[in-house]
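The structure under discussion appears below in the form of structure tokens.
The values are calculated or read from the model by the stated rules, or taken from the named source; none is laboratory data. Just so we're clear, the structure is a prediction, and the values are computed from it rather than from any experiment. Virtual Cβ from ideal backbone geometry, glycine too; neighbours counted across all protein chains shown. The area values use the complete protein model at the heavy-atom level, side chains included, leaving out ligands, DNA and RNA. Shrake-Rupley method; radii C 1.70, N 1.55, O 1.52, S 1.80 Å.
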Amino acid sequence: AAAVAGALPPMPDSLAEAANAVREEGRSTWAAYYKHARGFDSLRPLSHRGVNDWGSVGMMAIDCLDTLWLMNLTAEFKQARSIVEEIDYTPAGREARSVSTFEMTIRGLGGLLSAHALSGDRLFLRKAEQLGEALNTAFVPGRFPLPSVSLKKQGAGMHGGGG
């Protein structure tokens, strides 16, 4: 039978084959990001262009760290680490752009802390501390966290939210 465009690939015969297929898709996805959007927050798959839509923190690299580690994609993990190492997460190194406090906390901070927990690499802990300091302005004592925060600004009360 002829292959149908968009059809799913045949089912693997074993769990090992399935795991390997997933691992190869992970490797392929990372390779596309690294080739077309290295250091950017996201890859636009149709245009093959990188875009900074999360405050220029290398969000895709952060998102991939734990998965690359768990898939034992060592070379790709080192590539992601080098991207994170190059980015300045301090407010001085950020662009003036508001980002979702929730998303940046769970994806950015959580991804860096997960990478540290898995690998023991203190670089990720240092970068998480920098990003945490930048996020800190969203957390005002006695109030709910602000929904968005500028990673560029320092000091509480700079992001609106009323009082």
Leaving out ligands and nucleic acids, and using a 1.4 Å probe, what accessible area per residue does the stretch 67-145 come to in Å²?
52 Å²
Which percent of the accessible heavy-atom area of the chain goes to carbon and sulfur, probe 1.4 angstrom?
58 percent
Listed residues 116, 83, 136: farthest to the positive end of the dipole of the stretch 71-146 (Cβ charges)
136
Order these peptides, 57-70, 33-46, by their mean beta-carbon neighbour count within 10 angstrom, highest first.
57-70, 33-46
Helix runs (DSSP H) in the chain reaching 15 Å along axis by Cα, Kyte-Doolittle at least -0.5:
59-70, 122-135
So which aspartates and glutamates pass the test for residue 152, namely a Cα distance under 17 Å, with those fewer than 8 places away in the same chain ruled out?
41, 53, 88, 95, 103, 129, 133
